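Just below is one structure, and these are the notes that go with it.
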Amino acid sequence: MRRVVSLVVCLLVVVFAGSCSDYTISSVRPDPVVIIQNDYPDVDVWVDSFFQPNPVNGVDIVWVIDTSGSMTQHDQRLLAGIEAMMNALPPSGWRLNMISASPPNVLNEQQFPLVPGDTVVQATDMYAHMTVGHREAGLEAIMEYINNNIYSYTWMRPDAALLVVFVSDEEDQSNLLVPDFNQWYAFQRPNVFLASIVNLAPAESLCNQRPYDTGDRYMDATNAFNGTIVDICSDDWSPGVVDASVQIQPYEFWDLSHAPVADTVRVFFDRVLIETDWSYDSSLNRVIFSVLPPPGVLVEIGYVLDQQEEPEEE
């Protein structure tokens, strides 16, 4: 998909009698139910979705890095990843800090954040001076840092977007449920983003051969926020920053994930059908907003797949 590798897209169909192009979206995220009124039981509707960003004062970025012994095998990749993500940051508006994924250690973390103009060398130096811990509990660590590390209040801005990037080669071992973390994180800022640079499942990973090292909890949390997931063995970690940087800008258009039957394209704001102020450009396969969606609104674009082609797995 265009913006986010793990963008939430659901394909749940309930069939009734009626016209093949009329449908509504109901229920709640992350599982919207597409109700299609038609005479054909095999008609599928695809739903692309995103939240229109709220106005923000830049973006605060926290890299939560697993500093346990197993991560030494990724040292070179981590340093290359730091360079790639530093080079992918926008020219202004950001602040960045790095903390350990070990909750007891983040209370002692007091490094001054990186800001625009700082270099890859300075980022590498920050990584070298991180407080090292051996617990692998990134979800719990970022909660501890934001809630209880007094120094975090000196550089984090309540009116900025917040991006947390988890980096780990093992599963999260926090003493909390992922839905509880998601609920806490959603209320930290008007715009919050997650990215995970973790072990994918062995069948998908470039290097992970042990299912128990798959970062399922990190990925579940990241998917809940339509975030980016990057294989820790990938040569390019920059999408973890690039996608969130793009997302703090209001969307003026949205490129559809698949080719639609043009006259079935529908746009919903917070599940309400919007019939004006947008158009579909078939040459670009793009929905263009003549009036931007309001800040914070959930935008869903539904459409019948052209020729009923089975969508590829993302």
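For GLN110 and GLN76, what is the calculated FRET efficiency with R₀ set at 35 Å and r taken between the beta-carbons, to the nearest 0.05? Walk me through the numbers before you get to the answer.
On the way: r = 28 Å, r/R0 = 0.79.
Working from the Cβ atoms, E equals 0.80.
Could you check how many percent of all C-alpha pairs in segment 127-234 are farther apart than 17 Å? Can you show the working numbers first?
Working: 3214 of 5778 pairs.
Roughly 56 percent, once rounded to a whole number.
TRP278's amide H: which non-local residues (gap 5+, or another chain) put their own amide H closer than 5 Å, with H modeled 1.01 Å from N in plane and none for Pro or chain starts?
Hits under the 5 Å cutoff: SER290.
Count the DSSP beta bridges whose two residues both fall in segment 142-299, then state the antiparallel fraction as a percent rounded to the nearest 5.
Values: 11 of 22 bridges.
The answer is about 50 percent antiparallel.
Stokes-Einstein diffusion coefficient for segment 67-182 at 25 °C in a medium of 0.890 mPa s, Rh from the Kirkwood formula over Cα pairs: what value in µm²/s? It would help to have the intermediate numbers written out before the result.
Numbers: Rh = 15.0 Å.
Once the numbers are plugged in, D ends up at 164 µm²/s.
None of the figures in this text is laboratory data; all of them are computed from the coordinates on show. As the structure is a prediction and not an experimental result, all values here were calculated from the model. Note that we place each Cβ from the backbone using ideal geometry, even for glycine, and neighbour counts take in every protein chain shown.
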